[in-house]
Amino acid sequence: MHKSWRLVFFVVVAAALLLAACGPATPIPSPTPSEATAAPAAAASPTPLPAISGPSAVKVTGEFDYTNDIITTYYVEQAVALVDMYGFVTRNRDWEIPVESQVLGYLKLDPKAKHGTYEIELPARPEAHFADVDNNGHKDKGVQIFAVSYWPNLTGGPYSVGDDRSYGWPGYLASVKTDSENQDEVIGGKLVVWAPDSQQEFPTGFGPDGKLFTKDDPVAPIPAGYTIVDLNQKPFKFIRAEVADLTLYEPKEAAIKDFSKLSYTEAFDKLFAFARKEYAFNGYPNKEPDWDALYKELKPRVEEAQKNNDPNAFWLALRDFTWAFKDGHVGLSMTEYGYQLFMKATEGGYGFAIRRMDDGRYLVVYVLKGGPADEAGIQKGAIVTEFNGQPIDEALKKIKPWSLPMSTEWALRYQQARYLLRAQPGDKATVTFINPGTQQPKTVKLTAVAERDSFNYTSIYHNAPKQTYLPVDYRILDSGVGYIRINSNYDDLNLIIRLFERALKQFQAKKVPGLIIDMRYNSGGAPLGLAGFFTKKTITLGQLEYYSDKTGKFEPEGEPDKFLPNEEQYHFDKLAVLVGPACYSACELEAYGFSKVPGAMVIGEYPTSGTEAEVSRGQIKMPDGLSMQIPTGRFVNPDGSLFLEGQGVQPTLRVPLTPKTLLRDDDVVLKVAEEAILKPAGAGIEPSGPPQLVAPDKAQGYLLSGTKFLEDLAREKPTAEDFARPGTITYTVPVSDGTKPLVWSYGWCASDKDTLADNFKHIQLTFTLDGQVVPADALSTYEYQTRQGLSCRLVYAVLKDWPAGEHHLSIKATFTQKINDGQDDYPAGDYILAYNVYVKP
């Protein structure tokens with residue numbers, strides 16, 4: 001689908017749904033590919049209309065206002081388009097809008113005023129699908145029906161085609177108004193209609209069922225050429241003018257809720273009523289707040305703030321409102337007062353930091369040199385058992401971190417362990433601990449000092465880059481593995497896609513052994529379905545639901561969201577996705593998509609944050625310039641359980657939380673991923689048997705036909721110096737196709753034939769295949785001369801039909817005495833070539 005239409009925005013991002021008919025739905029069977037006919041019925045009587053006169057339109061112009069500035073964050077290639085409404089006529093959300101029907105126009109945006117103007121030159125003969133909508137029971141040529149819509153470019157060329165294709169019909173910043181609570185039915189606005197002749201008819205009203213293009217619509221003749229149909233009039237008004245004006249509409253539900261001009265109490269009541277009705281997770285235990293108790297607690301505080309005209313007290317009441325949720329999407333903008341409170345609350349520390357291990361104990365992972373803990377003898381690696389005389393777990397439960405609210409218990413525990421050790425300089429605390437290498441607990445009294453190093457050390461952004469200039473960074477690691485870090489999905493989306501695909505192209509050309517995609521520090525934005533570059537299968541996400549005023553409950557919006565395959569596909573032998581608690585919302589959808597690529601590994605100490613909801617309809621302006629966010633859309637699984645919220649994307653290869661991993665200063669998650677990538681497919685698998693040895697009388701045919709040697713596939717490339725002395729040279733040989741034959745050989749060259757023959761009198765060769773010595777009569781010999789005049793002998797075997805798994809081969813060349821090849825001396829001893837061959841299952 002056209003990703004620039006179907007973007008649902010997440011995390012601290014405010015935006016609107018860009019496609020009313022956004023998710024694929026069960027399509028209504030449509031007529032022929034080029035024509036649509038309204039449902040057959042008794043011929044509808046034409047509705048008399050005032051005489052229609054005037055010229056056919058040649059240009060449409062218009063303007064619009066928008067409240068959500070997300071469009072200028074996500075898009076830099078702005079445009080409008082005349083969009084074929086055939087998908088709406090047939091109620092087919094899966095209908096792909098053909099490129100030949102798209103007519104682009106110029107769009108000028110004023111971001112400061114949040115205002116846009118546009119113009120589109122109409123083609124003399126448009127190329128949209130014809131729709132017969134006159135309900136007369138006869139098959140007529142019909143008309144072409146368009147809406148004007150915001151049409152930014154996401155990727156590729158300016159038209160919606162290829163990976164930027166569109167489905168359904170427009171509903172955001174479009175010349176038609178749609179009802180999001182009624183299958184995105186068109187309920188108003190204006191259409192652009194082109195008739196090939198004066199024999200066609202068009203609806204003049206919605207009919208008794210209140211829907212457009214259904215069998216009960218009244219109809220009237222429509223002139224040839226372009227006519228603007230005003231759906232806001234009753235009956236519809238047919239407008240003929242050379243230049244027509246069409247306003248584009250921002251849907252009411254997508255607009256920011258503006259309570260900023262109300263009093264504190266009025267704004268709070270509006271906020272509370274909105275959240276109580278439309279909060280995404282109402283009805284889910286442990287997610288929905290106790291609304292009555294919350295209102296009873298906070299309303300008097302808001303009233304007091306209003307009475308005293310106290311903006312700080314008002315901000316604190318709203319902060320505590322957000323803290324009552326178990327949902328990382330609920331948010332409030334920071335003020336200078338709030339920032340100062342935070343800085344004061346976290347100003348001091350005791351000079352050490354702790355992390356919870358898998359066994360439930362708390363490990364000291366950082367000690368500030370010369371700090372209170374260091375002076376008291378607490379060592380890195382110590383186990384903290386008590387704090388201020390209480391068991392450490394009990395002490396943690398009382399902590400309210402400033403990073404509230406959170407969607408998971410483990411994220412809360414992580415932050416409680418950080419904030420437990422924050423204090424005011426001069427505050428005192430007792431700590432009981434057991435240093436490494438000892439069994440005896442020790443209790444000390446510490447006095448807090450002004451320091452933030454210990455606090456920063458356990459930040460979830462500790463290993464994040466200090467500065468990023470682009471939304472996507474990439475490089476080839478020293479190990480040769482390709483590495484892409486997606487820093488943000490809240491940026492120029494076209495740039496994100498281009499940078500990501502550029503990395504894929506370069507890594508594929510370099511034949512990297514595998515690819516790591518680092519999602520750990522991406523706080524969200526718009527999910528792009530980048531996993532579509534790696535698989536030809538559609539990846540289904542959760543079903544999006546919103547509260548409906550009509551039914552009084554949450555209802556599905558279209559069909560479950562999907563990530564579609566991209567036209568350009570890339571393949572890497574190994575794919576690892578790095579996740580962590582700083583990957584929020586849209587980042588989690590992106591990570592989920594990557595996790596569904598066949599063979600992909602998800603690697604991390606923790607899952608993603610488990611903060612998954614849609615927030616575009618929950619952007620709120622409050623008094624004093626405050627902004628708030630309440631998620632209103634939830635994603636659910638087929639069984640009704642929540643999709644990702646409270647769970648996140650779980651690692652399939654979890655990095656354990658032990659002293660061995662937590663006390664390392666390097667990026668342990670990245671290192672584990674590199675090791676997993678470099679471990680060839682097939683490693684650890686016991687093969688069903690050895691590969692087949694080709695008979696010696698046939699081996700030379702393989703050799704001379706260009707069959708690859710094991711060394712050709714090996715990761716290691718030894719130098720001449722490595723072969724100059726006794727020892728072992730080990731090759732790692734990944735084999736992706738075990739059906740292909742490979743040459744396994746030992747070669748030796750000398751200055752002339754006589755020297756070569758003499759050298760081999762003192763070389764004893766032993767070939768071993770999967771633990772079994774290969775008989776000499778199973779080997780072949782091939783002699784040749786190099787361009788430099790050297791005489792060479794190759795002792796070899798050809799192996800084919802490799803069973804999947806891990807194979808071990810070796811060639812031991814025992815030099816029984818010192819050998820001279822006519823140029824250099826080689827000491828006596830064993831020269832061993834060891835091959836670890838990993839055949840991909």
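The values are calculated or read from the model by the stated rules, or taken from the named source; none is laboratory data. Just so it is clear, the structure is predicted and the values come from calculations on it, not from any experiment. Every residue, glycine as well, gets a Cβ built from its backbone with ideal geometry; the counts of neighbours run over all protein chains shown. Keep in mind that these areas ignore ligands, DNA and RNA; they rest on the heavy atoms of the full protein, side chains included. Shrake-Rupley method; radii C 1.70, N 1.55, O 1.52, S 1.80 Å.
Here are a few things to note about the model shown:
- Partners for K800 among lysines (Cα-Cα distance below 30 Å; same-chain residues under 8 apart left out): K510, K511, K574, K679, K698, K708, K717, K740, K812, K840
- Residue-span extension gain [K445 to T468] - 0.36 nm each, minus C-alpha spacing: 4.1 nm
- Low-density loop cleavage sites - trypsin sites (Lys or Arg not before Pro) in segment 689-746, where at most 15 other Cβ are within 10 Å (DSSP): K708, R715
- Relative to the longest principal axis of the Cα atoms of the chain, the long axis of helix 409-419 lies at roughly 80 degrees.
- Cross-link reach list, aspartates and glutamates versus K596, counting only Cα pairs under 14 Å and skipping chain neighbours closer than eight places: E588
- Modelled label positions at D665 and T816, each set 7 Å beyond Cα in the direction of Cβ, lie 5.5 nm from each other.
- Radius 12 Å from Cβ of T335, net charge of other residues (Lys, Arg +1; Asp, Glu -1): -1
- Rolling a 1.4 Å probe over the protein chains gives H115 an accessible area of about 50 Å².
- R502 accessible area, assembled protein chains, probe 1.4 Å, Å²: 130 Å²
- With a Förster radius of 45 Å applied to the C-beta separation of D69 and T265, the computed FRET efficiency comes to 0.95.
- Mean separation of Cα contacts under 8 Å, 6 or more apart, over the residue count of the chain: relative contact order %: 11 percent
- Under 18 Å from K296, Cα to Cα: aspartates and glutamates that are on another chain or at least 8 residues apart: E266, D269, E288, E304, D320
- Segment 151-196 versus segment 107-122: alpha-carbon centroid distance in Å: 17 Å
- For segment 345-458, averaging the sequence separation of C-alpha pairs within contact (under 8 Å, six or more residues apart) and dividing by the residue count gives a relative contact order of 38 percent.
- Think of a 1.4 Å ball rolled over the protein heavy atoms: the chain then has 43 Å² of accessible area per residue.
- Area of K141 that stays accessible when all protein chains are in place (1.4 Å probe, Å², to 10): 90 Å²
- For the chain, the fraction of C-alpha pairs farther apart than 38 angstrom is 57 percent.
- Separation between Cα centres of segment 593-608 and segment 242-310, rounded to whole Å: 37 Å
- Accessible area per residue (1.4 Å probe, heavy atoms of protein chains only) ranks M406, M357 as M406, M357, with the largest value leading.
- Relative contact order for segment 472-678, counting Cα pairs under 8 Å that sit 6 or more residues apart, in percent: 20 percent
- Rounded FRET efficiency, nearest 0.05, which uses the C-beta distance separating E121 from S459 and R0 of 41 Å: 0.15
- Surface composition of segment 59-254: carbon and sulfur make up 49 percent of the accessible area, probe 1.4 Å.
- Förster radius 51 Å - calculated FRET efficiency between K397 and N232, Cβ distance, rounded to 0.05: 0.30
- Computed over the chain, the per-residue total of -39500 (n - 2.57) for DSSP H runs of n ≥ 4 gives a 222 nm mean residue ellipticity of -5000 deg cm²/dmol, rounded to 500.
- Once the Cα-Cα distance is subtracted from the 0.36 nm per residue extended length, the N308 to L653 segment shows a gain of 118.7 nm.
- Under 20 Å from the D830 label point (7 Å along Cα→beta-carbon), backbone N, segment 768-795: 768-776
- With a simple spin-label model that places each label point 7 Å from the Cα along the Cα-to-Cβ direction, the separation between S479 and D624 comes to 5.0 nm.
- Cα-Cα over 24 Å, subset of K112/K466; K177/K234; K344/K442: K112/K466; K344/K442
- Cα centroid separation - segment 732-763 against segment 496-531, whole Å: 41 Å
- Charge dipole (debye, nearest 20) of segment 692-839; +1 at Cβ of Lys and Arg, -1 at Cβ of Asp and Glu: 180 debye
- Summing charges over all other residues whose Cβ lies under 10 Å from the Cβ of G371, with Lys and Arg as +1 and Asp and Glu as -1, gives -3.
- Total formal charge among the other residues, if their Cβ is under 11 angstrom from that of T346, Lys/Arg +1 and Asp/Glu -1: +2
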